[in-house]
Amino acid sequence: MIRNIIINKQDNGKYEADDIPSKVLRWIDENKRHTDAERSDIIEGQVVVILKGQYTSLRGVIVKKLPKNLVLISGPSKINGMTFAVVNQRFVHPVSVFVPLKRDFIDSIEVKEEEINAIRDWTTENAVDLEILDLINVDGKQSIIDMAIEKECAGIKGLKTYFATPFTLPKNIDPMSAFY
């Protein structure tokens, strides 16, 4: 409930901002927009499960961290049909598998950070399938990601099937205590 509080203007030589009641200042502090901290458990090249959006329950690889807690994810498009997507970090679940990506490849993806920072917070907080790929230059990068994932799949038995099968939670197991 928001009340209209009228602050009487006093001619005491102080700035008007100095005369704001402490209750109003406390209310403003208590009702600030909560922003999530950047997750440290998400690393570029890590395989993640997407929890919400167009690619729900598919596995993909974190290609690059973006401003405002967004991540650029791509899957092996030849295996599970997932191409580049931008998702908020809260909608991914990291697993213990990594695909090595070269640092120069990650740095070659150009991001217009000023324009991403200009997007309102409430848009990026619930970002599922956020249509901002026009702000990220990913031309010709999908084939490089696919080759890196296929190379890793060739070296590890069962990894191709791991990417192809959708993620499901095991029955009778607490999802927060399980290690994936």
**Message:** Where the second residue is assigned to a helix (DSSP H, G or I) and among the basic types (Lys, Arg) and the first is closer than 12 Å to Val61 by Cβ and touching a residue at least 40 places away in the same chain (Cβ under 8 Å) and lies in the range 148-163, which pairs have Cβ atoms under 6 Å and are six or more apart or on separate chains?
**Reply:** Cys153/Lys160
**Prompt:** Given the conditions (1) part of a helix (DSSP H, G or I); (2) at pLDDT below 80; (3) surrounded by fewer than 17 Cβ atoms within 10 Å (Cβ to Cβ), which single one is not true for Met147?
**Reply:** (2)
**Asked** When only residues in the range 16-60 that are more than 13 Å from the chain's Cα centre (by Cα), assigned to a loop (DSSP other than H, G, I, E, B) and of a type in the set (Gly, Ala, Ser) count, which is modelled with the highest pLDDT?
**Response** Gly45
**Request:** Would you confirm whether any residue within the range 166-178 is surrounded by 13 or more Cβ atoms within 10 Å (Cβ to Cβ), at pLDDT 85 or above and either touching a strand residue (DSSP E or B) at 6+ places or on another chain (Cβ under 8 Å) or of a type outside the set (Lys, Arg) (or both)?
**Result:** yes
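The values are calculated or read from the model by the stated rules, or taken from the named source; none is laboratory data. Since the model is a prediction, treat every value here as computed from it, not as a measurement. With ideal geometry, Cβ positions are generated from the backbone for all residues, glycine too; neighbour counts draw on all protein chains shown.
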